[in-house]
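Comments concern the structure below.
Each value in this text was obtained by applying a stated rule to the coordinates, not by laboratory testing. Since this is a predicted model, take the numbers as computed values, not measurements. When we count neighbours, we look across all protein chains shown, and the Cβ atoms used for this are built from the backbone with ideal geometry, even at glycine.
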Amino acid sequence: MNDTYVTVFGNIVDQPRHLQTAGGSLAKFRVATKPSSFRDGAWVDGEVSYYDVTCWKKVADHVAGSLAKGEPVLVHGRLMMREWATENSSGKSAEITADHVGHDLRFGTSSFRRAGKPAVATTEFTDAEFAPVPDEAPEQEDTAAA
């Protein structure tokens, strides 16, 4: 019950791997995050952090069919530190067991398809039915990780 939950946003740095295990479907990928903040009139980048992301069951299947290397994503799940060792080195890595994964729509668009159901035709709308979307970004957006 004392699990640490986190939400991170970043870019996928490797192609997600999809495996079938005795425990069900498994997907793994790495996310790189780079916090930035607006200080003294300029954007300042922080250090890059890497997170290993593990997804199970339906989330794993959906990640495998939806995400690719280089895409911006949001990941929410339990954070754990894992110790690792090879013949030449050892260390720790941060791993997120993801409950929720999705595209970060600040950087593009995405299309949703409910799993197991056929695609539904979309309705055509005219431009007059929608207000125009501004071309400018907000004046100050602090993207520093909280």
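A few remarks follow.
- Placed amide H near D14: partners under 5 Å, 5+ positions off or other chain: R30, G70
- Quarter of the Cα convex hull surface for region 17-57, i.e. its orientation-mean projected area (nm²): 3.5
- Region 45-86 shape via C-alpha gyration tensor axes, a/c threshold 1.5: oblate
- Karplus-derived 3J(HN,Hα), 6.51/-1.76/1.60, for each residue of region 45-53, Hz, glycine and proline x: 8, x, 6, 6, 10, 10, 10, 7, 10
- Across region 15-32, rounded Karplus estimates of 3J(HN,Hα) from the backbone phi angles (6.51 cos²θ - 1.76 cosθ + 1.60, θ = phi - 60°) give 5, x, 9, 10, 10, 10, 10, 4, x, x, 5, 9, 10, 9, 7, 10, 10, 9 Hz, Gly and Pro being marked x.
- P(r) of region 1-86 over all Cα-Cα pairs, binned every 10 Å from zero, in whole percent: 16, 41, 31, 10, 3, 0
- Remark on S36: its backbone amide H falls under 5 Å from those of G46, T143, A144, A145, a criterion applied only to residues 5 or more positions apart or on other chains, H modelled at 1.01 Å from N.
- Prolate/oblate/rounded call for region 70-113, Cα gyration tensor, a/c under 1.5 rounded: prolate
- In region 9-117, Cα pairs under 8 Å separated by at least six residues give a relative contact order of 26 percent.
- Rounded to the nearest 0.05, the FRET efficiency derived from the C-beta distance between E47 and E87 at R0 = 35 Å is 0.80.
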